[in-house]
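The values are calculated or read from the model by the stated rules, or taken from the named source; none is laboratory data. It should be emphasised that the depicted structure is a prediction, and the values quoted were computed from it without experimental measurement. Ideal geometry is used to build each Cβ from the backbone, glycine not excepted, and the neighbour counts take in all protein chains shown. The protein model used for the area step is the full one, side chains on, heavy atoms only, and it has no ligands, DNA or RNA in it. Shrake-Rupley method; radii C 1.70, N 1.55, O 1.52, S 1.80 Å.
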Amino acid sequence: MTMVIRKSSSRAMTCLFLYQLLPPTRSHHNHSFSIYKSCRSLSKTPSDFLGSIWCPTVCAAPTIRSFSSKFSESNTTARMQNPESISYLTQREAAEVDEILMGPLGFSVDQLMELAGLSVATSIAEVYKPSEYSRVLAICGPGNNGGDGLVAARHLHHFGYKPSVCYPKRTQKPLYNGLVTQLESLSVPFLSVEDLPVDLSEDFDILVDAMFGFSFHGSPRPPFDDLIQKLVQLCNFAQNHQKSPVIVSVDIPSGWHVEEGDVSGEGVKPDMLVSLTAPKLCAKRFTGPHHFLGGRFVPSSIVDKFKLHLPPYPGTSMCVRIGKPPQIDISALRQNYISPELLEEQVAADPIDQFCKWFDEALASGLREPNAMALSTVGKDGKPQLKGAQNYVEWVGSFGVCKKDKCELELDKEIQFLGLVQVLFMLIDTITQDLLVTTCHVTFCNSSSRIVLLKGVDKDGFVWYTNYESQKAHELSENPQASLLFYWDGLKRQAMLPLHFRPGSKVHIRLYKHEVRVEGSVQKVPDEESEQYFHSRPRGSQIGAIASKQSTIIPGRHILHQTYKELEGKYSDGSLIPKPKHWGGYRLKPQLFEFWQGQQSRLHDRLQYIPQEIDGKLVWKIVRLAP
Ligand SMILES: NC(=O)C1=CN([C@@H]2O[C@H](COP(=O)(O)OP(=O)(O)OC[C@H]3O[C@@H](n4cnc5c(N)ncnc54)[C@H](O)[C@@H]3O)[C@@H](O)[C@H]2O)[C@@H](O)CC1
Ligand SMILES: [K+]
């Protein structure tokens with residue numbers, strides 16, 4: 001810290017306490033700001049001293065992108081069910097359900113098989129993403145369980161997996177021949193038992209066990225005895241591999257007694273069980289992490305007849321999770337990020353281009369809402385946190401001119417904070433009124449954060465829409481500086497959560513993680529732009545925007561429903577829903593970017609883009625920060 005005294009002799013010293021709330025921006029050398037208050041006043045509230053700060057104008061490259069409103073509509077997720085309250089069928093009941101479905105209820109085998117196979121494929125896709133678990137082997141038996149496996153393999157192909165099929169005892173019926181032809185037309189390879197490697201871990205990520213279902217009895221006969229042993233022995237090879245394949249059993253873990261389960265204790269131990277129609281008694285003995293129910297076709301007459309308690313399927317899903325997803329010890333979640341290094345010479349010169357590159361990667365990796373961002377704002381009265389720790393800095397040496405009712409400070413150092421400046425000490429030339437030296441303390445302000453959805457990014461900045469009467473809008477009206485934070489993990493070849501653990505196996509996680517922080521000043525977007533976007537939203541969201549007086553206290557949820565219903569009735573004729581005045585967009589004009597990439601041993605990459613004016617042109621200077 002330096003002390004700058006420009007003038008000397010016959011000076012009076014005045015010691016003052018002043019407050020100045022600074023916005024969350026970067027200030028550069030010799031930028032000036034004003035304190036609109038007499039230096040000689042004491043004990044004023046912070047709000048009396050709102051000043052202005054010079055902010056550079058930023059022009060980014062003309063990349064124009066917009067995101068469709070579909071991002072804002074959330075997808076349904078599988079509901080957790082208490083396994084205790086669910087019905088389990090005996091072998092006899094399972095066969096009886098089968099007979100009723102295909103007799104009086106008019107279903108055909110292929111219909112049920114198609115729905116069963118689709119449920120298996122969607123259950124797999126809920127847990128094991130094709131980006132990490134692409135190589136699938138469906139081992140299919142001679143009956144309908146095997147047929148389910150063939151159908152699942154076809155759907156998995158269309159979901160982006162690479163299935164292969166082992167179907168050693170083919171049933172010569174038109175239904176099965178058709179399923180085989182369909183797979184062959186997709187070039188799905190059929191492997192004989194002899195073609196299979198001794199260690200299935202080498203070639204496959206997912207093993208679909210579709211050998212036997214509820215009609216199995218006795219001990220498995222060849223070649224299924226050996227195939228079941230291959231699944232049992234997988235754990236013997238586990239130590240040779242970073243990741244061992246997962247076993248997904250269709251309806252019954254093959255070889256298990258349909259009612260009593262794995263009687264010998266030496267049978268298959270699937271990681272996932274997809275029960276069809278209703279779980280069979282053996283499913284009570286399933287201890288793997290993922291139990292799903294599929295086969296969304298059970299009519300109420302069957303539910304009543306067998307007094308079934310089955311979980312409801314969420315939304316339009318073909319499957320529902322039974323029981324809780326595996327518990328994860330949050331404190332043990334310590335990923336080692338492995339990424340190629342993020343080097344200064346390799347990143348785009350324009351931060352908007354770099355942002356779009358990472359955004360596209362996040363989108364391609366299957367992240368649901370990569371446009372979700374934390375928006376941090378602070379009003380003019382952001383309360384200071386307690387002194388101490390890293391929330392407190394001190395600087396000395398600003399100087400400037402002190403006029404009757406305002407002091408102009410000229411900062412002599414680059415500062416970087418969002419905070420409350422407390423001017424502790426000022427030395428003023430009583431003749432010239434020059435401000436000679438100032439000592440300031442800066443305490444960081446409390447800011448408020450929430451997640452909003454990015455709806456567009458272009459050369460002018462980052463756009464989102466909200467209620468202009470919300471807390472964030474209120475804070476932005478008082479202080480237009482804000483910060484955006486994007487968090488994208490699970491990129492490229494990462495393990496997806498929930499993590500799959502097999503007892504005794506080692507889980508090596510390759511996780512790529514990116515964060516982008518953007519700071520700048522915020523303005524409302526022109527009303528026509530908000531108007532245009534408002535009418536592109538689903539009508540339900542348009543009505544919702546009118547129904548909710550955001551951030552106000554309401555007596556209960558019923559008020560929202562009531563208002564929503566009234567408005568729904570009002571606009572039921574399909575007429576244009578007018579955009580409320582209090583609803584619209586904001587655009588943040590970036591003044592700083594930081595691109596963060598996780599690396600091993602916490603040696604993360606942090607590249608900051610700082611705007612600079614060179615020969616009247618804006619250029620972004622890239623600097624590296626220590627992690
Ligand atoms: N609601 C239902 O009933 C539905 C049933 N579906 C599927 O159909 C399955 C039942 O199908 P299936 O009745 O065809 O029977 P499975 O597929 O369970 O197996 C029957 C076949 O396995 C053979 N087998 C039995 N025990 C054996 C042993 N110890 N060693 C070697 N081979 C043996 C039988 O000879 C027969 O060929 C269910 O588990 C389910 O996967 C689904 O396709 C759709 C709905
Ligand atoms: K099975």
Exercise. Residue check, Gly178 against (1) surrounded by 15 or more Cβ atoms within 10 Å (Cβ to Cβ); (2) within 16 Å of ligand 1 (Cβ to nearest atom); (3) of a type outside the set (Val, Ile, Thr); (4) assigned to a helix (DSSP H, G or I), all met but one. Which one?
Worked result: (1)
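Here are some residues: Leu281, Leu276. Which one is among the hydrophobic types (A, V, I, L, M, F, W, C), surrounded by fewer than 21 Cβ atoms within 10 Å (Cβ to Cβ) and under 15 Å from Tyr88 (Cα atoms)? Steps first, please.
Details: Leu276 fails: surrounded by fewer than 21 Cβ atoms within 10 Å (Cβ to Cβ).
Checking each option against the conditions leaves just Leu281.
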Exercise. Does Gln327 meet the test of being modelled with pLDDT under 95, more than 13 Å from ligand 1 (Cβ to nearest atom) and surrounded by 12 or more Cβ atoms within 10 Å (Cβ to Cβ)?
Worked result: no
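Just give me the residues in segment 201-229 being among the hydrophobic types (A, V, I, L, M, F, W, C) and within 15 Å of ligand 2 (Cβ to nearest atom), in sequence order. Talk me through it step by step, then tell me what you get.
Taking segment 201-229 and keeping what is among the hydrophobic types (A, V, I, L, M, F, W, C), we get 204, 206-208, 210-212, 214, 216, 224, 227-228.
Passing the criteria: Ile206, Leu207, Val208, Ala210, Met211, Phe212, Phe214, Phe216, Phe224, Leu227, Ile228.
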Problem set entry | Residue check for Thr171: at pLDDT 95 or above and among the polar types (S, T, N, Q) | no
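Of everything in segment 190-215, what is among the hydrophobic types (A, V, I, L, M, F, W, C), open to solvent by 10 Å² or more (accessible area, probe 1.4 Å) and within 16 Å of ligand 1 (Cβ to nearest atom)? Give them in sequence order. Step through it out loud before you land on a result.
Quick first cut of segment 190-215, residues among the hydrophobic types (A, V, I, L, M, F, W, C) only: 190-191, 193, 196, 198, 200, 204, 206-208, 210-212, 214.
Okay, now just the ones that are also open to solvent by 10 Å² or more (accessible area, probe 1.4 Å), so 190-191, 193, 196, 198, 204, 212, 214.
Val193, Phe212, Phe214, listed by residue number.
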Problem set entry | Every residue from segment 284-321 that is of a type in the set (Lys, Arg) and either surrounded by 18 or more Cβ atoms within 10 Å (Cβ to Cβ) or assigned to a loop (DSSP other than H, G, I, E, B) (or both) | Arg296, Lys307, Arg321
For this session: Return a yes/no flag: does segment 587-598 have any residue that is open to solvent by less than 50 Å² (accessible area, probe 1.4 Å) and modelled with pLDDT under 90.
Result: yes
Exercise. Of all residues in segment 248-262, which are more than 8 Å from ligand 1 (Cβ to nearest atom), in a loop (DSSP other than H, G, I, E, B) and open to solvent by less than 10 Å² (accessible area, probe 1.4 Å)?
Worked result: Pro253, Ser254, Val258
For this session: With the condition kept exactly as written, say whether any residue in segment 216-228 is under 38 Å from the mean Cα position of the chain (by Cα) and either surrounded by fewer than 21 Cβ atoms within 10 Å (Cβ to Cβ) or near ligand 1 (Cβ under 8 Å from one of its atoms) (or both).
Result: no
For this session: Note down all Cβ pairs under 6 Å where the first residue falls in segment 352-378 and is within 23 Å of Gly160 (Cα to Cα) and open to solvent by less than 10 Å² (accessible area, probe 1.4 Å), the second is of a type in the set (A, V, I, L, M) and modelled with pLDDT under 85, and they're at least six residues apart or on different chains.
Result: Pro370/Ala362; Pro370/Leu363
Problem set entry | Conditions (1) part of a helix (DSSP H, G or I); (2) among the polar types (S, T, N, Q); (3) crowded, with 16+ Cβ neighbours inside 10 Å; number of the one not met by Gln111 | (3)
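Of all residues in segment 88-98, which are closer than 15 Å to Pro299 by Cβ and either of a type in the set (A, V, I, L, M, F, W, C) or more than 8 Å from ligand 1 (Cβ to nearest atom) (or both)? First the steps, then the outcome.
Taking segment 88-98 first, the residues closer than 15 Å to Pro299 by Cβ are 96-98.
Result: Glu96, Val97.
Do the conditions hold for Ala125, that is, is it within 16 Å of ligand 2 (Cβ to nearest atom) and either hydrophobic (A, V, I, L, M, F, W, C) or farther than 21 Å from Ser275 by Cα (or both)?
Details: within 16 Å of ligand 2 (Cβ to nearest atom): no; either hydrophobic (A, V, I, L, M, F, W, C) or farther than 21 Å from Ser275 by Cα (or both): yes.
No, not satisfied.
Determine whether Val198 is at pLDDT below 95 and away from ligand 2 (no atom under 16 Å from the Cβ). Let's see the steps before the verdict.
Values: at pLDDT below 95: yes; away from ligand 2 (no atom under 16 Å from the Cβ): yes.
The answer is yes for Val198.
Find the residue count for segment 134-161, including only residues that are part of a loop (DSSP other than H, G, I, E, B), open to solvent by 20 Å² or more (accessible area, probe 1.4 Å) and away from ligand 1 (no atom under 12 Å from the Cβ).
Keep residues of segment 134-161 that are part of a loop (DSSP other than H, G, I, E, B), which gives 134, 141-143, 159-161.
Subsequent filtering for residues that are open to solvent by 20 Å² or more (accessible area, probe 1.4 Å) retains 134, 142-143, 159-160.
Cutting the leftovers down to away from ligand 1 (no atom under 12 Å from the Cβ) gives us 134, 159-160.
Adding up the residues that qualify gives 3.
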